[in-house]
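The values are calculated or read from the model by the stated rules, or taken from the named source; none is laboratory data. Note that the structure is a prediction, hence the values are computed from the model and not measured. As a convention, Cβ positions derive from the backbone with ideal geometry for all residues, glycine included, and neighbour counts pool all protein chains shown. When the accessible area is computed, the model is the full protein with side chains, heavy atoms only, and any ligands, DNA or RNA have been set aside. Shrake-Rupley method; radii C 1.70, N 1.55, O 1.52, S 1.80 Å.
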Amino acid sequence: MDLPPTVAWLVDEASAVSGPDRFLADLAARLTGDGVPLARGAVAIAVPHPIISHRTFLWRGDTGAVVEAFGFSAGPGFQAARDWLAGSGPVHEAVLGRAPGTTLLGWAAARPLDPGETRRVDEASRFAAAPLAALAARAALTGLLEAYLGRRSAARVEAGAHGRGTGETIRAALLYADLRDFTVMSEATEPAVMIAALDAWFDRVAGAVHAFGGEVLKFIGDGVLAIFPVVGSPGEACEAALRAAAAARAGMAHLDAARRAQGAPPLRYGMALHLGEVLWGNVGAANRLDFTAIGPAVNLVSRLEGLCRVLGRPVLVSGAVAAEIAAPLVPLGEHPLRGVATPCAVFALPDG
């Protein structure tokens with residue numbers, strides 16, 4: 001079948017591009033190469049995510065650059081795309097997909113289009129539906145995996161690391177944090193209030209972890225296990241984990257101040273840092289897997305966190321981490337940890 005080059009690309013190749021940003025840039029280049037005077041373009045795709053409702057990609061004709069904007073659940077899904085196109089010239093948009101509000105493809109022209117140019121834009125929009133549906137499905141899968149697994153783990157699963165027993169040994173700084181007296185609080189607090197408190201706790205810890213390049217592997221009841229994989233030097237991973245712990249500690253101080261103002265008790269917690277090798281991958285039953293990290297280093301960091309209550313310190317650091325960082329720490333001596341053969345050198349963050 002003899003198809004126009006842009007339509008042939010949409011039919012045969014477009015669904016295999018790396019993502020919606022590349023799709024938009026390539027389609028814009030082809031349309032402008034066909035003589036269509038486009039000034040701006042936009043693609044907005046609905047994604048299942050707890051906060052983000054749409055991923056929106058915006059193309060600028062004078063530079064060819066594509067930037068991403070996020071549409072949040074509280075606002076109209078296509079608003080960022082439509083705001084970008086408005087005021088730049090005549091707008092041509094198509095809402096694609098079977099479900100309303102799924103995907104938008106729009107263009108702003110530098111001048112009114114003639115009938116032939118309008119036909120080429122409409123034709124491209126019609127044949128863009130199938131590749132954009134494939135890209136939207138891929139974006140939806142990525143969004144769900146990242147929400148439940150974290151970005152690095154999601155990327156590994158999408159790349160094919162989804163068989164039971166699939167994993168790799170990596171070196172990483174580990175952060176383990178846990179709320180104190182959670183059971184007592186649960187029995188004395190309404191479930192909705194308890195869930196709100198848990199979410200606030202997780203926001204402080206996970207937000208700090210992600211801000212410094214780490215990844216939350218899992219929430220375990222009221223506990224958090226996060227990793228900072230060693231990419232450059234071990235010291236860089238340890239410094240990032242230490243900064244995350246300090247940021248989480250500051251965040252909890254602000255949260256507790258707000259809780260006291262509301263007449264609620266503070267949320268007591270313990271947090272521990274360790275450096276070691278972990279097996280990062282899939283474990284579980286044949287039809288229900290968990291992407292996680294296991295190994296002696298994980299056991300040690302969880303036992304070290306349990307020592308926070310005994311030593312009266314909110315954050316403890318193992319000797320392995322202390323040896324890699326220059327920040328001042330308070331030595332607390334060596335302590336035996338349950339299930340760990342060798343006593344662990346333990347350090348604390350300075351007060352304040």
Roughly to the nearest percent, how much of the accessible area of the chain is carbon and sulfur, given a 1.4 Å probe? 56
MRE, 222 nm, helices only [DSSP H, n ≥ 4, -39500 (n - 2.57), over the chain, to nearest 500]: -13500 deg cm²/dmol
How would you classify the chain from its alpha-carbon gyration tensor, with a ≥ b ≥ c the square roots of the eigenvalues: rounded for a/c under 1.5, else prolate if a/b is greater than b/c, otherwise oblate? prolate
Run the simple label-point estimate for I51 and Q79 please: 7 Å along Cα→C-beta, distance reported in nm. 1.7
For the chain: accessible area per residue (Å², 1.4 Å): 49
What number comes out for the charge environment of R313, summing +1 per Lys or Arg and -1 per Asp or Glu over other residues with Cβ under 14 Å away? +1
For H335, residues with placed amide H under 5 Å, excluding near neighbours: C344, A345, V346
By how many nm would the segment from S15 to R338 lengthen if fully extended, with 0.36 nm per residue of separation less the alpha-carbon distance? 110.9 nm
Provide the gained length on full extension for the span A65 to N287, in nm with one decimal, where the gain is 0.36 nm per separating residue minus the Cα-Cα distance. 75.6 nm
Residues A159 and T32, FRET efficiency given R0 of 35 Å [Cβ-Cβ distance, rounded to 0.05]: 0.55
Which whole-number percent gives the relative contact order of the chain, counting Cα pairs below 8 Å spaced six or more residues apart? 13
With the crude spin-label approximation of a point 7 Å out along Cα→Cβ, what separation in nm comes out for A323 versus E277? 1.4
Among 265-275, 220-230, how do they line up from the highest to the lowest mean number of other beta-carbon atoms within 10 Å? 265-275, 220-230
Length gained when the stretch A253-L141 is fully extended (0.36 nm per residue, less Cα-Cα span): 36.7 nm
If you count, for each residue, the other Cβ atoms within 10 Å and average over each peptide, how do 112-124, 38-50 line up from highest to lowest? 38-50, 112-124
Could you work out the relative contact order of the range 193-265? I mean the mean sequence separation of Cα pairs under 8 Å and 6+ apart, divided by the number of residues, in percent. 28
What is the calculated FRET efficiency for V91 to N299, with r their C-beta to C-beta distance and R₀ = 45 Å, to the nearest 0.05? 0.15
Packing-based ranking, highest mean first, of 201-207, 10-16 given that Cβ atoms within 10 Å are counted: 201-207, 10-16
